[in-house]
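Just so it is clear, none of the values below were taken in a lab; they were calculated from the coordinates. All figures in this text were calculated on a predicted structure; none of them were measured in a lab. Positions of Cβ are backbone-derived with ideal geometry, glycine not excepted, and every protein chain shown enters the neighbour counts.
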């Protein structure tokens, strides 16, 4: 069984009197432990696909099966539990709380851990920050950190719930070339440890750092190749 299965996935948005076909019959399987880059021009459907993969949105038609679970049949609470327990998110804008330390930012998702899986949040947050090379920045607020360090905090926060999948939406979009590669090196290291990573990017150099590249155009997959 694949970690992720998409079957004839369709997503249509209504904008005024016009139907916008964001995804048009996407079929895709992703196995546990893959490092996949999803690429394509603006408007190709990348962000729509990532939102569906992250259970932030549901398809209009078709099936999304995550670890054997048919996501389309879940209610809002069940979707929230999947996001909290199975998926880590990393965004372009870091999304850190400005007056809160790195340690407290990383602990934040555990406030929503209804399952109570993580017994010692502070220790777990220290471990996550150490994992991304920030053991000496635990008590720094975001304005005392570089852009690359802020993104590392965001990655540590995404790891705190021990997710099955890490979803990254343009995670290097606000970073210079050297810092971007440092962040990608972290992803590669996590992938080497068995983490499944799905990365959305419009940058070809970043996409080539993954092990598989899927290119979208007009809501359809036009290329799917191993790197």
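Taking a ≥ b ≥ c as the square roots of the Cα gyration tensor eigenvalues, segment 1-108 comes out prolate, since a/c reaches at least 1.5 and a/b is larger than b/c. As a proxy for reagent exposure, 44, 98 were ordered by neighbouring Cβ count within 10 angstrom, fewest first; the result is 98, 44. Between segment 7-31 and segment 65-141, what is the C-alpha centre distance in whole Å? Centre-to-centre (Cα) distance: 28 Å. Restricting attention to segment 119-227, close to 55% of DSSP beta bridges with both partner residues there are antiparallel.
Estimated purely from DSSP H runs of n ≥ 4, each contributing -39500 (n - 2.57), the mean residue ellipticity at 222 nm for the chain is -9000 deg cm²/dmol once divided by its residues. A straight chain from residue 95 to residue 127 at 0.36 nm per residue would run longer than the Cα-Cα distance by 9.5 nm.
Note on segment 48-199: antiparallel DSSP beta bridges, both residues inside, total approximately 20 percent of the bridges counted. Indicate the gyration tensor shape class of segment 118-197 (rounded, prolate or oblate), computed on the Cα atoms with a ≥ b ≥ c the square roots of the eigenvalues: a/c under 1.5 is rounded; otherwise a/b larger than b/c is prolate and the rest oblate. It comes out oblate by the Cα gyration axes.
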